[in-house]
Amino acid sequence: MNRSLGLGRFSAGLLIYTLVVIVWGAFVRISFSGDGCGIHWPLCDGQILPAMVDSKTLIEFVHRISSGIIGPLSLGLLYWCHRVAPKKSQLRKSALAVVALTITEGLIGAQLVLKSYVAGNATAERALWGGIHLVNTFFLLAAMTMVVWLAFGKPQLRLKGQGPAMTAIVIGLVGVLLMGVTGAIAALGNMVDHSAAASLAEGIRKDFDPSSHFLVRLRLSHPLIATSVGVYVVFLMSYLTKVRPAAEMRKLSNLVVGIFAFQMVFGVANLVMQRPLLMALGHLLVADVLWIALILACAQALNKNAEVVLLAEPTTETPEPTPVMEPAVPLWKAYIELTKPRVISLLLFTTVTAAFIAAKGWPGGWLLVAITLGGYAAAGAANAINMVYDRDIDIRMERTAKRPTVTHRISSANALLFALVLESFSFVLLWSVCNLLSAVMALAGLLFYVFIYTMALKRRTWHNIVIGGAAGAFPPLVGYSAVTGSLSPLAWVLFAIIFLWTPVHFWALALLIKDDYRAAGIPMLPVVRGERATVLQIALYTVLTVIVSLLPLLMGQSGPIYLVAALALNAVLFVRTFQLVQAPDNAKARTLFKYSMVYLAALFLMIAIDRGVLS
């Protein structure tokens, strides 16, 4: 018992020490001291004990020594674990992982030094290796955390047979890793823009300035992805508390959510205060602590002694509907159906026309191919995940009862794998042919749709389509950034047009299928507030859509062709909405719904034509 207690304390001490080393490494980066030992490794300036000619050498040398100490300490940890734990135990495996990841951490550090990916280096290669470095660091912290967990006598993990809980945990861990990578890229962007901006607004202006360094323009990806991942983490902790209802699980879930909430506030304060040194280091430390807390929460959920509760399917007064079996169709058609091609077509049109708008004419053949395929793949991946998550309510709706995930034509596991392949293909294609910003925007749209709309809002509030509908506004950002590598105010006006148009379009549809939504228990506006409240909200968002659609004219970004088209399109939109307000029946709702699609497509097309002609 004493030996195990000693091992627990030693492993916890090593974990804390590693956190200190990580924070010092961030100080090395922020102080531009990464080249303090030149391009020599493992020696410093070619010497075992270099002459401390300046502070940069001292800072880098201290980092190397403190990092090097982790090596023998991890070997000691491995030896201790082998002494107290049986063969093939998870404690031994975790300690071995600590040693292996410590070695790879050193080798990645060597790569950064030998390739000069340090100090003022601001290349894409450094960003890539910085992301790899962060992922390895997080894996190392995870392995150390598992050693602490097991060394203190906690149960081993049961990794098989965990069902949806394991899937939810893996998605959450990958999401937090992605958030960390974008944070590392944002930190590099801050180094490039190391001259403090006069204000937060000035810093944001630099994020959108096409002349800014690409790493500066990528800083925006971190808060977008962090917000999406944060919503999912809250969902994950709530879900794990329900399916693993132990007091310890509730405590760890509350800890994770609390740390994340603090980190979000801390991050905003960091921006407002122009990223002072201690605040930047603190932000990194809290991110590492959040990761450790998340690993502990996941370990509690997956431990072999955890009580497992299977969530019951929603019940109604009528018998559970059975899947509608459809005639046999080729499997490839079922996979295409997973992507919801009819829904994607309009979004894809706004992506392509946004590229023409940004280019003021022909944007290039290969670029159009890339944004078409990449945009479709990203949107298709989001729709596939949506079908998996919503299969329990899709079976209750006539409109969705024949989806392949409901009829079991495609299993949930295969649908998720298909979505992963699609999103990976999208990201790689957009990054390689267009630029990283367009790939990040496509990914951000997927995360927003899956985590914020589908998982967080759809089943909880009638505001779901107002907030979550922003996911459908990302496509023009993808097309615009693919051409320019930046997002100008005009790009965000295109985003705003779709954002405000979405309630008009979707609530018109909701009026038509409100009985379906009621049967599925989805709180769409016509279900919870009634038809009259819905048409009044449609009228409000119609007015807002019309106002925003005229901004390109007021900004001087469009001319007479768009002026005439916008006035005509908006006039018809007003008439269709007014007719619905006067007599809210299905015929007028259907007319508005169909026209809203024509309206959006024509509006984007006319901006593109106008800018192409005038250029």
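The values are calculated or read from the model by the stated rules, or taken from the named source; none is laboratory data. If you're wondering where the values come from, they're calculated on a predicted model, not measured in any experiment. Quick reminder, even Gly has a Cβ in these numbers, built from the backbone with ideal geometry, and neighbours come from all protein chains shown. Accessible surface areas use protein heavy atoms only, side chains included; no ligands, DNA or RNA. Shrake-Rupley method; radii C 1.70, N 1.55, O 1.52, S 1.80 Å.
Observations, loosely collected:
- For region 542-559, a tally of residues being in contact (Cβ under 8 Å) with a residue 40 or more places away in the chain and closer than 18 Å to R611 by Cα returns 8.
- Subset of region 111-147 [farther than 29 Å from L294 by Cα, open to solvent by less than 20 Å² (accessible area, probe 1.4 Å) and in a helix (DSSP H, G or I)]: V113
- Scan region 603-614 for residues that are open to solvent by 20 Å² or more (accessible area, probe 1.4 Å), closer than 18 Å to V572 by Cα and touching a residue at least 60 places away in the same chain (Cβ under 8 Å) and the total you get is 1.
- Condition met for K93 (over 25 Å from F214 (Cα atoms), modelled with pLDDT of 80 or more and assigned to a loop (DSSP other than H, G, I, E, B)): no
- So L220, is it open to solvent by 20 Å² or more (accessible area, probe 1.4 Å) and modelled with pLDDT of 85 or more: no
- Residue in region 541-553 that is under 34 Å from the mean Cα position of the chain (by Cα), among the small types (G, A, S) and in a helix (DSSP H, G or I) present: yes
- Within this structure, L19 passes the test of being within 37 Å of the chain's Cα centre (by Cα) and surrounded by fewer than 19 Cβ atoms within 10 Å (Cβ to Cβ).
- The lone criterion from (1) open to solvent by less than 40 Å² (accessible area, probe 1.4 Å); (2) in contact (Cβ under 8 Å) with a residue 24 or more places away in the chain left unmet by L78 is number (2).
- Remark: L600 falls outside the filter, which requires a residue to be more than 22 Å from W492 (Cβ to Cβ), open to solvent by less than 40 Å² (accessible area, probe 1.4 Å) and out of contact with any strand residue (DSSP E or B) (no Cβ under 9 Å at 6 or more places or on another chain).
- Those residues of region 546-585 which are among the polar types (S, T, N, Q) and surrounded by 13 or more Cβ atoms within 10 Å (Cβ to Cβ), in sequence order: S549, Q557, S558, N570, T577, Q579
- The combined condition, being hydrophobic (A, V, I, L, M, F, W, C), more than 20 Å from L112 (Cα to Cα) and part of a helix (DSSP H, G or I), is fulfilled by A12.
- Residue within region 233-252 that is open to solvent by less than 30 Å² (accessible area, probe 1.4 Å), in a helix (DSSP H, G or I), hydroxyl-bearing (S, T, Y) and out of contact with any His (no Cβ under 7 Å at 6 or more places or on another chain) present: no
- In region 524-536, the residue that is surrounded by the most Cβ atoms within 10 Å (Cβ to Cβ) out of those that are out of contact with any helix residue (DSSP H, G or I) (no Cβ under 7 Å at 6 or more places or on another chain) and outside any helix (DSSP H, G or I) is R529.
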